[in-house]
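Read-outs throughout are calculated quantities, based only on the coordinates presented, and are distinct from any laboratory measurement. Fair warning: this is a prediction, and the values are worked out from it, not measured in the lab. Heads up, the Cβs are rebuilt from the backbone with ideal geometry, glycines too, and the neighbour counts pull from every protein chain shown.
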Amino acid sequence: MASPTPAPCPPKGQALLEAMRRHLFSSQAKSASLATIHDHYVCLSLAVRDILLTSWVDTADTYTSQHVRTATYMSAEFLLGPHLENNLVSLGLREEAAAACEALGLTLEEMLAEEPEPGLGNGGLGRLAACFQESMATLELPAIGYGIRYEFGIFRQQIGPNGQMESTDPWLARGNPWEVIRPEWSYPVLIGGQTVIGVAYDTPILGYGVHTANTLRLWSAQAPDAFDFASFNAGDYTRAVLHKVQSETLSKVLYPNDELEQGKRLRLSQQIFFVSCSLQDMFRILGSQGIPVTEFHRKFAVQLNDTHPAIAVAELMRLLIDVHGVDWDTAWSITTATISYTNHTLLPEALEAWGLELFQQLLPRQLQIIFEINARFLRTLRIRFPGQPELLERLSLIEEGPHRKVRMAHLAVVGSHTVNGVAELHSRLLKENLFADFARVWPDRFTNITNGVTPRRWLAVANPPLAALLNDAIGTDWCRHLDQLRKLEPLATDAGFLERWQGVREQAKERLAATIRQDTGVLVDPSSLFDVQVKRIHEYKRQHMAALQVVERYLRLRAGEDLPPRTVIFGGKAAPGYAMAKLIIRLIVGMAEIINIDPAMDGRLRVIFLPNFSVKLGQKIYPAVDLSEQISTAGMEASGTGNMKMSLNGALTIGTLDGANIEIRERVGDDNFFLFGHTAEQLAAINRNGYHPMPWLENDALAKEAIDLIGSGHFSEGDRDLFHPLLANLCSSDPFRVMADLGDYRRAQNEVDSAWCDAGRWSMMSVLNTARCGFFSSDRSIQEYADRIWKVAPVPVNACSVIPSPS
Ligand code: F58
């Protein structure tokens with residue numbers, strides 16, 4: 001229980017302490033004797049919120065009074081991660097908060113551990129949206145994030161002997177001190193003939209070291225009336241409640257698939273729900289500032305985060321025409337001047353297409369509008385490209401055939417002024433393959449903006465010892481201007497600095513080793529090479545290739561080879577319905593079980609599957625990575641952002657020429673990156689000649705031995721069938737070309753082993769990775785969006801609130 005004895009506290013810490021005490025009484029209605037750790041966490045959060053509220057209120061005031069041009073970011077996912085520490089760092093109050101906690105006999109660490117994580121996203125796409133919100137605030141750009149307030153976020157993953165098990169994520173169960181409900185901003189949405197109400201919940205997004213606090217506005221679904229009174233009066237209570245339950249299901253749960261759940265009624269309903277609420281909200285803002293609706297595109301830029309919000313094209317048209325009485329041509333020019341679209345995948349199976357029947361049932365008016373957009377679009381094409389019906393068929397918004405569908409990516413491209421990919425290679429492949437026909441029609445519509453990650457969360461928050469070393473060595477500017485990391489370069493050969501660098505890395509690895517012990521019970525040696533692959537489990541990301549490599553290493557060690565000690569760490573969730581991904585987890589778990597108890601592997605090899613990979617866990621992992629595994633089949637990973645987080649924290653990458661790996665390697669230098677594998681072009685050529693894995697496998701005795709060992713039941717308690725689907729797939733079609741890259745992957749891994757043996761050289765390469773990664777700040781990405789796509793300028797916010805700051 002908390003001790004009430006106050007320790008000396010700095011003045012701002014004192015103010016926090018007083019606010020915490022006040023909130024224990026006035027918000028939690030408790031005395032210290034009854035307070036739980038969670039109560040204290042809530043009190044600290046509310047105390048911090050009190051401080052940031054002045055920025056939030058001032059920001060809203062400034063934006064309203066100056067009628068600023070505003071970027072809105074529409075995304076079905078925001079994988080935010082915990083707020084408390086991030087807000088403390090942005091406000092420069094981490095030390096003060098630690099002191100306030102100490103004065104209450106608590107630690108800041110236990111407060112931070114109490115915070116449930118808002119996991120409102122699946123992976124990279126959702127996390128990118130969160131990094132972008134933070135960068136927009138830091139760059140003082142007027143911006144609003146719009147999404148869904150899922151009551152249940154991404155499922156929690158437990159790992160048992162049979163691999164992954166899922167449970168729900170009731171992140172709101174104990175309340176959420178970071179949000180404010182705005183019942184006055186509620187909008188009706190008509191879906192399938194029934195009205196659902198979206199209620200706004202706002203979360204402040206603080207900029208770092210500025211007075212700006214932007215808003216993330218998430219919509220929660222409510223039934224218009226608690227009861228259907230007709231049914232109620234007729235005595236049918238259940239039926240009366242049914243509609244309420246059905247409506248509120250809309251924002252109940254995040255779809256946990258990192259591919260698509262095609263044709264799901266609820267998913268399409270979620271999309272129109274949040275898109276319509278968001279657009280209606282923009283019209284409300286426009287009206288409140290006395291701006292005519294025909295100026296919509298001057299007030300707002302709308303960025304679509306993938307096709308999930310692509311229905312915005314039809315919905316904005318509907319609102320302009322049906323509600324605001326604008327004519328078609330004007331409405332169309334407003335819509336296309338407003339909207340832009342980011343694509344995040346080339347995988348054809350991930351492209352959204354909705355069956356016409358479902359669309360007609362749920363959104364008849366929007367479908368009518370889509371048909372009209374399509375008719376006009378095809379008309380212009382017929383004139384420009386006469387006699388090319390196949391071209392028109394390929395470009396049409398409607399996929400023909402026995403089951404006609406609306407192609408959402410086509411709707412997004414046609415309705416946008418700009419379409420971007422998320423890394424150079426991805427944007428090029430978009431133009432050459434997926435959108436090749438569109439690129440013929442509108443060559444200037446397509447561009448690239450390489451992804452980035454926020455240095456606040458992924459360095460300052462995640463890795464305080466490294467942040468302190470950087471502050472000491474190159475000053476504090478890097479946190480806002482990540483290019484400043486360049487100043488580290490000369491220090492890469494400075495023995496004294498390298499020693500401190502090593503110290504920082506050891507701390508991070510010890511911290512992760514403690515987490516591994518706590519979460520898996522396995523003891524790992526922090527001085528071994530930490531070889532890490534954390535990301536969604538997917539065949540294209542090739543965790544099974546890394547697993548094969550571990551089995552090969554195990555065989556080589558058993559045969560008496562001398563290899564430097566390694567700890568191979570995996571983490572990531574598999575979509576609950578994705579059997580092959582789950583089987584890959586099962587294989588890793590089976591390998592870990594055998595290898596970690598084999599005395600011959602002691603001090604040489606450990607295999608870990610860390611359960612429930614999340615933002616919170618990522619913050620502990622990324623700083624501790626020696627070797628970053630970025631091994632997707634070339635041409636398949638649009639960008640990747642984990643690759644940036646690891647490199648930024650001093651990891652060396654082993655990777656293919658895929659996504660942003662290419663740009664990372666260009667910047668850190670090929671001497672500081674372990675490259676392997678076929679290029680996208682080489683794979684395309686191999687595919688044209690007809691790929692078969694067998695010839696690759698037949699020439700590779702070690703790979704065969706590894707596959708045989710897995711097939712023999714060695715990692716499955718003698719069960720020879722368990723991994724059959726995985727092995728048979730690898731040996732027959734091998735859709736992700738594992739066998740074609742395996743040999744070269746082994747060669748690169750051998751190079752890693754030799755490089756690791758020269759600790760001084762490794763440290764130097766590690767410093768150079770951090771030093772040369774400044775480009776991968778999400779501040780740079782957002783600056784590009786703001787300048788090249790949104791044409792939105794910064795609007796600094798001054799402290800002008802009438803409400804006095806609590807300090
Ligand atoms: C990811 N996509 C890309 N989709 O795979 C990754 O390369 C990229 O770095 C990242 O976007 C950010 O641009 C991704 O995470 C999803 O999770 C979708 C969720 C909804 C269904 C379709 C996939």
GluC sites (Glu not before Pro) restricted to the stretch 326-425 and DSSP loop, no more than 13 other C-beta within 10 Å: Glu400
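Counting each pair of different Cα atoms once, what's the Kirkwood radius of the stretch 238-315 in Å, rounded to one decimal?
For the stretch 238-315, inverting the mean 1/r across all distinct Cα pairs yields 14.7 Å.
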Once a ≥ b ≥ c are taken as the square roots of the eigenvalues of the Cα gyration tensor of the stretch 70-162, is the result rounded (a/c under 1.5), prolate (a/b larger than b/c) or oblate (a/b not larger than b/c)? oblate
In what order do Thr656, Thr203 fall by count of nearby beta-carbon atoms within 10 Å, going from fewest to most? Thr203, Thr656
Peptides 302-309, 58-65, 572-579 ordered by average Cβ neighbours within 10 Å, highest first: 302-309, 572-579, 58-65
Can you give me the distance in nm between label points at Asn689 and Lys704, each placed 7 Å from the Cα along the Cα-to-Cβ direction? 2.2
Please say if the stretch 124-260 is rounded, prolate or oblate, where rounded means a/c under 1.5 for a ≥ b ≥ c the square roots of the C-alpha gyration tensor eigenvalues, and otherwise the choice is prolate for a/b larger than b/c and oblate otherwise? oblate
At a threshold of 8 angstrom on Cα-Cα distance, excluding pairs fewer than six apart, so keeping six or more, what relative contact order does the stretch 455-786 reach in percent? 23
How far apart, in nm, are two points set 7 Å out from the Cα along the Cα-to-Cβ line at Glu400 and at Lys30? 6.7
Counting only helical runs of four or more DSSP H residues, what would the 222 nm mean residue ellipticity of the chain come to if each run contributes -39,500 (n - 2.57) and the total is spread over all its residues? -14000 deg cm²/dmol
How long, wide and thick is the chain, going by the Cα atoms along their three principal axes, in whole angstroms, largest first? 80, 79, 62
Determine the dipole magnitude for the chain: charges of +1 sit on the beta-carbon of Lys and Arg, -1 on that of Asp and Glu, nothing else is charged, the reference point is the Cα centre, and the result goes in debye to the nearest 20. 1220
Taking the alpha-carbon set of the stretch 455-786, what are its Rg and Dmax in Å? 19.5, 58
The stretch 439-517-the stretch 23-40 distance, computed between alpha-carbon centres (Å): 38
Let's test the formula: R0 of 45 Å, r as the Cβ-Cβ distance of Arg379 and Thr493. What FRET efficiency results, to the nearest 0.05? 0.10
Expected sort for Ile597, Ile181, Ile285 with the fewest Cβ neighbours (10 Å cutoff) up front is Ile597, Ile181, Ile285
Where Lys and Arg each count +1 and Asp and Glu each count -1, what net charge lies around Phe497 among other residues with Cβ under 12 Å from its Cβ? -2
Fewest-first ordering of Glu637, Glu705 by Cβ atoms within 10 Å yields Glu705, Glu637
Please give the contour-minus-distance gain from Gln262 to Glu109: 0.36 nm per residue of separation, less the Cα-Cα distance, rounded to one decimal in nm. 50.9 nm
Mind checking which lysines have their Cα closer than 28 Å to the Cα of Lys30? Skip sequence neighbours fewer than 8 apart in that chain. Lys12
Quick one: divide the alpha-carbon radius of gyration of the stretch 501-590 by 2.2 N^0.38 Å and tell me what you get. 1.20
Find how much the distance from Ala473 to Thr447 grows on full extension, using 0.36 nm per residue of separation minus their present alpha carbon separation; answer in nm with one decimal. 5.6 nm
Need one word for the stretch 706-791: rounded, prolate or oblate. Basis is the Cα gyration tensor (sqrt eigenvalues a ≥ b ≥ c); a/c below 1.5 gives rounded, then a/b vs b/c decides. oblate
Within the stretch 781-796: backbone nitrogen closer than 13 Å to the Gln66 label point (7 Å, Cα to C-beta): 792-796
Which residues in the stretch 406-438 place their backbone N less than 16 Å from a point set 7 Å from the Cα of Glu390 along the Cα-to-Cβ direction? 436-438
Between Gln246 and Ser712, what is 0.36 nm times their sequence separation minus the Cα-Cα distance? Round to one decimal in nm. 162.8 nm
Simple SL model, points at 7 angstrom along Cα→Cβ for Arg500 and Ile291; separation in nm is 4.8
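At 20 angstrom or more along the helix axis (alpha-carbon based) and mean Kyte-Doolittle of 0.0 or higher, what helices does the chain contain? Whole DSSP H runs only.
Those that clear 20 Å and a mean of 0.0 are 37-66, 124-138, 265-288, 579-595.
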Please go through the residue pairs Lys252/Lys616; Lys405/Lys616; Lys252/Lys582; Lys264/Lys616; Lys431/Lys541 and name each one whose alpha carbons sit more than 28 Å apart in this structure. Lys405/Lys616; Lys264/Lys616
Relative contact order, percent, of the chain when contacts are C-alpha pairs under 8 Å separated by at least 6 residues? 14
